[in-house]
Each structure stands twice: as structure tokens, then as C-alpha cells.
Amino acid sequence: MFENNEEVEKLLKKIDEDIKNELSEKRYNHSVGVMKKAEELAKIHDVDINKARLVGLAHDIGKELSSDDKLKYCSEHGLFVDDVERQNTGLLHTKIGADICKRKYGFTQDMQNAIKYHATGNENMDKLAKVLFIADKIEDGRQYDDEEHLKRLQEGRKLAKENLDKALLYEIDASLVYTIKKGKLIHMDSILTRNKIISHFSLYFS
Ligand SMILES: [Fe+2]
Ligand SMILES: [Fe+2]
């Protein structure tokens, strides 16, 4: 379905128009940055390039709905909202985005999952989902003034080229630290993802 390059270019153009209308300029630019970074990582790690570009461009399509509208969307479309998501409704943009992309653009299940998992991670992430999660964190538009963040960004970019799982673990850890500093609830999926990577790949023990 997403093997025909001409069709993919058409769909990318449509998504580009839609997010240009629906998102702020800053988030639109971020989305284009994630598309490019996802393409770059897909080439390195042997992931479907067309799918990577599409999920990269569309991943934040539900991000700028208000908190009320996010909850309303979920109840109207039968999307389950867990306790952590109810308290941190920002997280809902992932499952809403996946649902919009299924209905509007016919995204396949693996593409929907990649979008669904891009904030918290998930134990069942495949390589496409990992590429999106990492690309979201390290796209070229992300800049930091302070040295600590900059160092982290540079390390994340280096790892992303070398090893997807090491990069994912690094980004999950960074986002857990951020969540703790902000005093927000940690989603269990982040912990489960972290444990899975460490135990499955023995990353911290190798
Ligand atoms: Fe997002
Ligand atoms: Fe994003």
C-alpha cells in the first residue's frame, strides 16, 4: 500500500497541507524535522522509508487539540483513557493521532502503533516505532542553549546512528528524568519499555 512512491508523495503532500492548517508554525516545522530524521534513521537501520516519512510527518497531528477536545475525541471514538492519561491529557495526542491517521490516511497497524507509542514507549515497539520515538527527540530543529541538554542531544544523535535500542533506552531514561523533575506521573509503559530493553538486550550489563 505504501510501496508506490507516487502515492506516498501525494499522501505526504496532503498530510503536509493538513498539519500546516492545524498546527502552529513551530510544531509544523518540528513535524517536518521528524519526517527527515525518521527517513535518515530508516535508511541506516533498514526500516521502511516511506512509512517512516509518513509517521514522522503526521505523528503530532492531534497535539494541539485542547485538553477537553482530546477527552471528547477519545470518548466519541471509543479510545480508552487510563488514569495517567486522564491526569496528563497531553499524552492522549498519541492515540488520537494514530486514530486520525487510520481514518483519514489509511495508515497500517504498524504505523498507527508507532504514533501511539511515541510519547511513552511500549513493550511491543517494532523498529518503525523506535525510529519515530528517537527521531522525535533528536530532529535537527531541536536546539538547546544550556550545556547539559546540548550534550544529551548530541549523545542521543550519536547513539541513534549506531544502535536503535541503545538510543531508545537513552531517550526513555532522559524523558523519565524530565518527567520526575516536572513532578508528573510516570506512565507504566515507559517503565515496561525500559525494563524490556535492558533485560532483552542486556544493554546495561554488556
Ligand atoms: Fe508528540
Ligand atoms: Fe513530536
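Laid out as a table, the results:
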{"quantity": "Compactness index (Cα Rg / 2.2 N^0.38 Å), the range 152-202", "calculated": "1.17"}
{"quantity": "Cα-centre dipole for the chain with unit charges at Cβ (Lys and Arg positive, Asp and Glu negative), debye to 20", "calculated": "200"}
{"quantity": "Å² per residue, accessible surface of the range 5-201 at 1.4 Å", "calculated": "51"}
{"quantity": "Contact order normalised by residue count of the chain, Cα under 8 Å, 6+ apart, percent", "calculated": "19"}
{"quantity": "K151 versus D82: modelled label distance in nm, points set 7 Å from Cα along the beta carbon direction", "calculated": "3.3"}
{"quantity": "Axial C-alpha extent at least 15 Å, average Kyte-Doolittle at least 0.0 - helices from the chain (DSSP)", "calculated": "127-138, 164-182, 188-201"}
{"quantity": "Dipole moment magnitude, nearest 20 debye, the range 78-199 about Cα centre, only Lys, Arg, Asp, Glu C-beta charged", "calculated": "220"}
{"quantity": "Among V55, T89, H30 - extreme Cα towards positive end, dipole of the chain, charges at beta-carbon", "calculated": "T89"}
{"quantity": "C-alpha center-to-center spacing [the range 1-31, the range 136-206] in angstrom", "calculated": "27"}
{"quantity": "Among 14-20, 182-188, 118-124, the order from most to least packed when residues are scored by Cβ within 10 Å on average", "calculated": "118-124, 14-20, 182-188"}
{"quantity": "For a label point 7 Å along the Cα-to-beta-carbon line of Q109, residues of the range 1-30 with backbone N under 20 Å", "calculated": "1-3"}
{"quantity": "Inter-site label distance for E162 and M188 at 7 Å from Cα along Cβ, in nm", "calculated": "3.4"}
{"quantity": "Dimensionless Rg ratio for the chain, taking C-alpha atoms and the 2.2 N^0.38 Å reference", "calculated": "0.98"}
{"quantity": "Carbon plus sulfur fraction of accessible area for the range 5-201, probe 1.4 Å, in percent", "calculated": "47"}
{"quantity": "Positive minus negative residues near D82 (Lys, Arg vs Asp, Glu; Cβ under 12 Å)", "calculated": "-1"}
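The values are calculated or read from the model by the stated rules, or taken from the named source; none is laboratory data. Because the structure is predicted, anything quoted here is derived from the model rather than measured. Virtual Cβ from ideal backbone geometry, glycine too; neighbours counted across all protein chains shown. In case anyone asks, the SASA skips ligands and DNA or RNA and just uses the protein heavy atoms, side chains included. Shrake-Rupley method; radii C 1.70, N 1.55, O 1.52, S 1.80 Å.
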